[in-house]
Amino acid sequence: MKDKLQGMNILLVQLSFLGDMILSTPVIAGIKKIHPTASLSVLTTPLAAALIENDPLVDTVLTFDKRGRDKSISGMMAKASLLSTYGFDRVYSLHRSYRTSMLLALSNIPERIGFKDAHLSFLYTARRTKKTADHAVIRNLSLLFEELPERALETPLRLFSPHFDALSRDAKALIPKTEDMIVLAPGSAWKTKQWHWQGYASVAQYFCKLGKTVVLMGGPDDRAVCQKINAQSDTLDFSGRLTLSDTLYLMKQSRLLICNDSMALHMASAFRIPTVAVFCATSPAFGFGPWQNPYAVVVQDDTLGCKPCRRHGSNRCPKGTEACMTIDAESVIHACTTLL
């Protein structure tokens, strides 16, 4: 093991959804506080790499394409072989899957630290208790509690917007130069987390009538719902047209965000952008609500006995009613007016 003067070579692993990567960024600062002279690399998904590539505390960003070229056994073995060449002394893993446990064991990293509830946790050399009754940010940081107490760790989310010159050609041409931009992010990985598109259309119409610049934000999978909204109002539809790095810039420049329980919510929390978050099938009580954003408001229907029905949502309403997804637009618009 390298001595303290020379510094350790450390790897942090988070291979979950984009929002999970954002909620894991305080762990970066935590590791550097414990090991200030260490070289720190982060292994994440190819898409999530843009979320941390500008972090000054991260020396190297590595990717594991768990749904693409690295999905197979041979792909995992090849990635493990590559990781072994970096000479990591220690790895901290926030990801609890079978595949991640095997990948890191095969990488021959001497110290492998993971959560006790990880699948195949016996493959880690140190297993730590995950704090469950708290926000996801604190749950992630609990991987470090045996080395530094919670009160000593920094908890703000860490996102760094690129400079305008670093944006894609499309982003430079599309993103308006205004300080009064309203961003709507109607998509989600799970259908029951999506507020109905008609609600977003009503919000868009309201702000367009006020002369605001209204932008629709989302990935390629969100284009269909954004096209429905755009057909009902005079918005700028950027869905599927911006990179994730471009999206960071767009979010940093926005005046207000309206979104679901999704990655966009956590991105706005990092930049402390005024946010109205519509929680449908899920609940902030699960630990994925706004974080340290004094300008965030949650809108949800607390009268429904069937809500929340799933921790992370699902692709169909278990009761077939979609009642939690049909919150009236007036409630959302009222919440918006309190933030402007």
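A quick yes/no check of all residues on (1) without any contact (Cβ under 8 Å) to a residue 40 or more places away in the chain; (2) aliphatic (A, V, I, L, M); (3) surrounded by 15 or more Cβ atoms within 10 Å (Cβ to Cβ); (4) part of a helix (DSSP H, G or I):
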{"residue": "ASP70", "(1), (2), (3), (4)": "yes, no, yes, no"}
{"residue": "LEU82", "(1), (2), (3), (4)": "yes, yes, no, yes"}
{"residue": "ARG96", "(1), (2), (3), (4)": "yes, no, yes, no"}
{"residue": "THR100", "(1), (2), (3), (4)": "no, no, yes, yes"}
{"residue": "ILE113", "(1), (2), (3), (4)": "yes, yes, yes, no"}
{"residue": "LEU143", "(1), (2), (3), (4)": "no, yes, yes, yes"}
{"residue": "ASP165", "(1), (2), (3), (4)": "yes, no, no, yes"}
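Taking the options ASP20, ASP65, name whichever one is among the charged types (D, E, K, R), at pLDDT 95 or above and in a loop (DSSP other than H, G, I, E, B). Please lay out each step first, then the result.
Working: ASP20 fails: in a loop (DSSP other than H, G, I, E, B).
Only one candidate passes the filter, namely ASP65.
So, in region 175-219, how many residues would count as being at pLDDT 95 or above and either of a type in the set (Asp, Glu) or outside any loop (DSSP other than H, G, I, E, B) (or both)?
22
Could you tell me which residue of region 115-127 is nearest to GLU147 (Cα to Cα), considering only residues that are out of contact with any Gly (no Cβ under 8 Å at 6 or more places or on another chain) and touching a residue at least 24 places away in the same chain (Cβ under 8 Å)?
Selected residue: PHE115.
Are any of the residues in region 313-322 surrounded by 19 or more Cβ atoms within 10 Å (Cβ to Cβ), within 19 Å of the chain's Cα centre (by Cα) and on the phi > 0 side of the Ramachandran plot?
Yes, because at least one residue in region 313-322 is surrounded by 19 or more Cβ atoms within 10 Å (Cβ to Cβ), within 19 Å of the chain's Cα centre (by Cα) and on the phi > 0 side of the Ramachandran plot.
Does PHE271 qualify as being touching a residue at least 12 places away in the same chain (Cβ under 8 Å), crowded, with 22+ Cβ neighbours inside 10 Å, aromatic (Phe, Trp, Tyr) and out of contact with any Ser or Thr (no Cβ under 7 Å at 6 or more places or on another chain)?
no
List the pairs whose first member sits in region 227-240 and is in the same structural domain as GLN205 (by TED's automatic domain parsing), whose second member is modelled with pLDDT of 95 or more and assigned to a loop (DSSP other than H, G, I, E, B), and whose Cβ atoms are under 6 Å apart, counting only residues at least 6 apart or on separate chains?
So the pair list comes out as PHE238/MET217; SER239/GLY218.
So which of ASP70, ASP55 is acidic (Asp, Glu) and either over 21 Å from LEU159 (Cβ atoms) or not assigned by TED's automatic domain parsing to the domain that holds LEU103 (or both)?
It is ASP70.
The values are calculated or read from the model by the stated rules, or taken from the named source; none is laboratory data. Small disclaimer: the values here were computed from a predicted structure and weren't measured. Note that each Cβ is placed from the backbone with ideal geometry, even for glycine, and that neighbours are counted across all protein chains shown.
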